[in-house]
Amino acid sequence: MRVLHISDHADPMATPGGEFCGGQNVYVRELARRLAGSGCTVDVVTRWADGRLAREEAIAPGARTVRVPAGPVGPLPRERFGEVLDEFCEGVVELHREAGGYDVVHSHYWYSAAVALRLGDRHPVPLVHTHHSLGAVRRAAIGPGAADQTGEHFAARHRIERRIGLRAAAVVASSPGELTDLQRLFGTPRRTLHLVPPGVDTAVLVPRDRNLARAELGLPADAPVVLFVGRLEARKGWEDLVPAFALVRQAVPAAVLVVVGGEAPGRRTGPGPLAALIENHGLTEGVDLRGPVPHAATARYYSAADVTAVPSHYEPFGLVAVESMACGTPVVATRVGGLRWSVADPRVGVLVPPRNPAALAAALIEVLTSAPAARRQACLDHASSVYGAQRWTDGIRSIYRRVTAPRGGSGGAE
Ligand code: UDP
C-alpha cells in the first residue's frame, strides 16, 4: 500500500523542543516508520524549512521525507503558512504525479487538510485526516489574542476543519474528548471517526535505571526532581510552573526543576522570558535549563525524574504525559484536552485546574512526598496497555484497509 502523509509545517526529521517543532513532528515520523515496518511504502511531504537539509531524506527503509519549496527556504511561523499554501499545494500535486499516485492520502493539521481537499478534487484518492489541534477548542482555552486567532484566519481554519470531516473517508481522533468535539463542532459523521490514541516509541521510551540516568545527566542522586518537557509556547503553562515551583521549594527545599526544550542557557545574549521569570522568583539555583534535546535522549530525563509536570492551558493530546508514563514516571497535568483522559487514573498522576500555580504546586508536593516510585508499575502498565505503538499502527492500518476496500469488500490495497 502506498501512502502519502501531508505534514505542512512539521518536518518529521526536525529536532523537537524548539519554537515550531513538537508533537506533530514526533507523531508523523514514528507513524511513518512503523507503517513502513508493516509493509506500507510511505512518503511524508512537508514544507522545505531548512536549507541545510536535502530535498529528500530517508526516515526508515520504505519511508522518506520529501521537502517541497514554498516561499523562501527557511523557517516560517505556523500562522503564516497560508501565504505559501498555494505553492505548497502545487508541489504536493506534482509529487503525487511523479509518484504515480498513492492508495491513501493522510493529512495532518488543517493546512494539510486544505491541501488534501484540493488533491482529492483532482484525483479520486481516499483521504484520512488527523487534526492534531482544533481552532475552536484552542481559542476557547487560550483566548482570541494570539496571532493565529484573528477573525479571518480563524474562520478559514474552522471552515477547512469542518470540510475535511465531511469529505474524508476517515478522521482519526486521538482521545475520546476530541471525538466528541469533532461531532459537536463540525458534525463529523460518527462512521467517519476512529479513536486511535498515538503510541509511544517503545524502542526509545523505555525506563532506565534512575540512578544511572541521573549520573549520566549530571543530576543530584537524591534530590526530588520535577521535569518539564516541551516547547516554550505560552499555552504550555510554563508561566504557571515557575511560581508553582517556587511554592514547591518552600515545602521541599532540595527539589530541582529540569526544563527540556525551549530556551537553552548561553544561546542568546540576555536571559529569555523563562530565564527572566526564574530569576524574578529567585529560583536560579533550583532550575536546570537544558534546551531542546533529541527525542531519543528524552527517556533518560523521564527516567531520572520523580514527576513530570504538564501544566498546559490547551493540550490536544499531550505526548509528553504518556512518554513519561512509558518510562515509569508519574505526571501532574492540567485537566484539559487529551490529558483529562490520559492522566485520569489517580495511580499514574494527578489532574489540576489550568492556570492555577497553587493547585499545581500542591499536586507536585503531594506526588514528591508520597513515594513517587510506588506509582511506577501503574505508569508502565497504563502506557503499554493504552499507548502501545503496535496498537496504534494496527489501528491506522485497519483504517487504511477499510478506506481502500472496494465497496462491499472486506480488505483494501496491501
Ligand atoms: N520533545 C523532544 N525534545 C525536546 C522537547 C520535546 O523530543 O527537547 C518532544 C517530546 O518528547 C514530545 C514532543 O516533543 O514527543 C512534544 O509533544 P506534545 O504532544 O507534548 O506537545 P506539542 O509540541 O505537540 O504541543
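The values are calculated or read from the model by the stated rules, or taken from the named source; none is laboratory data. Just so we're clear, the structure is a prediction, and the values are computed from it rather than from any experiment. Cβ: placed from backbone, ideal geometry, glycine included. Neighbour counts: every protein chain shown.
Only one residue in Leu241, Leu166, Leu179 is modelled with pLDDT of 95 or more, more than 15 Å from the ligand (Cβ to nearest atom) and surrounded by 18 or more Cβ atoms within 10 Å (Cβ to Cβ). Which one?
Leu179
Spot the failing condition for Glu90; the list is (1) surrounded by fewer than 21 Cβ atoms within 10 Å (Cβ to Cβ); (2) under 22 Å from Leu182 (Cβ atoms); (3) free of Cβ contacts under 8 Å to residues at least 40 places away in the same chain, and only one is missed.
Status for Glu90: all satisfied but (2).
For region 276-309: of the residues being hydroxyl-bearing (Ser, Thr, Tyr) and buried (at least 22 other Cβ atoms within 10 Å of the Cβ), which is nearest to Val352 (Cα to Cα)?
Selected residue: Thr308.
List the residue pairs whose Cβ atoms are under 9 Å apart, where the first residue sits in region 218-232 and is more than 11 Å from Arg290 (Cα to Cα) and among the acidic types (Asp, Glu), the second is assigned to a loop (DSSP other than H, G, I, E, B) and more than 16 Å from the ligand (Cβ to nearest atom), and the two are 6 or more positions apart or on different chains.
Listed by first residue and then by second, the contacts come to Asp222/Ala254.
Which pairs turn up if I take residues in region 302-328 that are closer than 10 Å to Leu205 by Cα and look for partners that are of a type in the set (Asp, Glu) and not in a loop (DSSP other than H, G, I, E, B) with beta carbon separation below 7 Å, at least 6 apart in sequence or on another chain?
Tyr302/Glu323
Among the numbered criteria (1) more than 16 Å from the ligand (Cβ to nearest atom); (2) within 15 Å of the chain's Cα centre (by Cα), which one does Val336 miss?
Single failed check for Val336: (1).
Suppose we filter region 182-222 for residues that are within 23 Å of Leu319 (Cβ to Cβ), exposed (fewer than 13 other Cβ atoms within 10 Å of the Cβ) and modelled with pLDDT under 95; how many remain?
1
Provide a single number: the residues in region 300-315 that are β-branched (Val, Ile, Thr) and either under 13 Å from Ala141 (Cβ atoms) or within 12 Å of the ligand (Cβ to nearest atom) (or both). If you could, list the steps in order and put the result at the bottom.
Taking region 300-315 as the starting set, the residues that turn out to be β-branched (Val, Ile, Thr) are 307-308, 310.
Now restrict to residues that are either under 13 Å from Ala141 (Cβ atoms) or within 12 Å of the ligand (Cβ to nearest atom) (or both): 308, 310.
Summing the residues that are β-branched (Val, Ile, Thr) and either under 13 Å from Ala141 (Cβ atoms) or within 12 Å of the ligand (Cβ to nearest atom) (or both) in region 300-315 gives 2.
Residues that are over 30 Å from Phe228 (Cα atoms), more than 16 Å from the ligand (Cβ to nearest atom) and buried (at least 21 other Cβ atoms within 10 Å of the Cβ): does region 78-87 have at least one?
Of all residues in region 78-87, those over 30 Å from Phe228 (Cα atoms) come to 82-87.
If we keep only those that are more than 16 Å from the ligand (Cβ to nearest atom) too, we end up with 82-87.
Then drop every residue that is not buried (at least 21 other Cβ atoms within 10 Å of the Cβ), which leaves none.
There is no residue in region 78-87 that is over 30 Å from Phe228 (Cα atoms), more than 16 Å from the ligand (Cβ to nearest atom) and buried (at least 21 other Cβ atoms within 10 Å of the Cβ).
Could you check how many residues of region 73-118 are part of a helix (DSSP H, G or I) and among the polar types (S, T, N, Q)?
1
Would you pick out the residues in region 275-299 that are within 14 Å of the ligand (Cβ to nearest atom) and out of contact with any strand residue (DSSP E or B) (no Cβ under 7 Å at 6 or more places or on another chain)?
Gly291, Pro292, Pro294, His295, Ala296, Ala297, Ala299 - these are the residues of region 275-299 that are within 14 Å of the ligand (Cβ to nearest atom) and out of contact with any strand residue (DSSP E or B) (no Cβ under 7 Å at 6 or more places or on another chain).
Which count do you get for residues in region 59-72 that are outside any loop (DSSP other than H, G, I, E, B), in contact with a strand residue (DSSP E or B) (Cβ under 7 Å, 6 or more places away or on another chain) and over 20 Å from Glu19 (Cα atoms)?
The total comes to 6.
Just checking, does region 33-50 include any residue being more than 16 Å from the ligand (Cβ to nearest atom), hydroxyl-bearing (Ser, Thr, Tyr) and crowded, with 20+ Cβ neighbours inside 10 Å?
Looking for residues that are more than 16 Å from the ligand (Cβ to nearest atom), hydroxyl-bearing (Ser, Thr, Tyr) and crowded, with 20+ Cβ neighbours inside 10 Å, one finds none in region 33-50, hence no.
For Arg235, all conditions in the list (1) farther than 26 Å from Pro12 by Cα; (2) surrounded by fewer than 23 Cβ atoms within 10 Å (Cβ to Cβ); (3) touching a helix residue (DSSP H, G or I) at 6+ places or on another chain (Cβ under 9 Å) hold save one; what is the number of the exception?
(1)
Would it be correct to say that Arg118 is closer than 22 Å to Gly337 by Cβ and of a type in the set (Lys, Arg)?
Here the answer is no, as Arg118 does not meet what is asked.
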